[in-house]
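Shown next, in structure tokens, is the structure this report addresses.
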Amino acid sequence: MKLENFNHELFKARTLKNYEDMKKAQEMELYSAYLTDLKNFIEKTMQFVNEHSKSFENERSILLKDANLLQKERNSNSYSKDKHKNKKFDDDY
């Protein structure tokens, strides 16, 4: 979606194929902010694939923004400042 030569029809075909593959798996309720946001992102993507404007530019920008926020949420769980990485338990042995 970030490429300049974005092809809406190719995006639509790949999204529908991936969605069908995902639907084959059994759904399981997990209660984390990231997984809830991921589920909402998938639902919004499918809504835009089924009902979109002619140019798809507005939907594309919304999906890119949401994807970046989703990635930020995922990375926030594993991020720690450099000054905290070296602080480990040291018992002088």
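The values are calculated or read from the model by the stated rules, or taken from the named source; none is laboratory data. Computed from a prediction, not measured in an experiment: that's the story for all the values here. Methodologically, a virtual Cβ is constructed for each residue, glycine included, from the backbone with ideal geometry; neighbour enumeration extends over all protein chains shown.
Looking at (1) in a helix (DSSP H, G or I); (2) modelled with pLDDT of 80 or more, which is the one condition that is false for His84?
(2)
State whether one or more residues within region 55-69 are surrounded by 10 or more Cβ atoms within 10 Å (Cβ to Cβ), at pLDDT below 85 and over 19 Å from the mean Cα position of the chain (by Cα).
no
Select from region 1-38 the residues that are assigned to a loop (DSSP other than H, G, I, E, B), among the basic types (Lys, Arg) and within 17 Å of the chain's Cα centre (by Cα) and list them in ascending order. I'd like the intermediate steps shown before the answer.
Restricting attention to region 1-38, the residues satisfying the condition of being assigned to a loop (DSSP other than H, G, I, E, B) are 1-7, 24-32.
Add one more test, that the residue is among the basic types (Lys, Arg), and what stays is 2, 24.
Passing the criteria: only Lys2.
Can you name every residue in region 39-54 that is polar (S, T, N, Q) and either loosely packed, with under 12 Cβ neighbours inside 10 Å or not in a helix (DSSP H, G or I) (or both)? Please lay out each step first, then the result.
Going through region 39-54, the residues polar (S, T, N, Q) turn out to be 40, 45, 47, 50, 53.
Correct list: Gln47, Asn50, Ser53.
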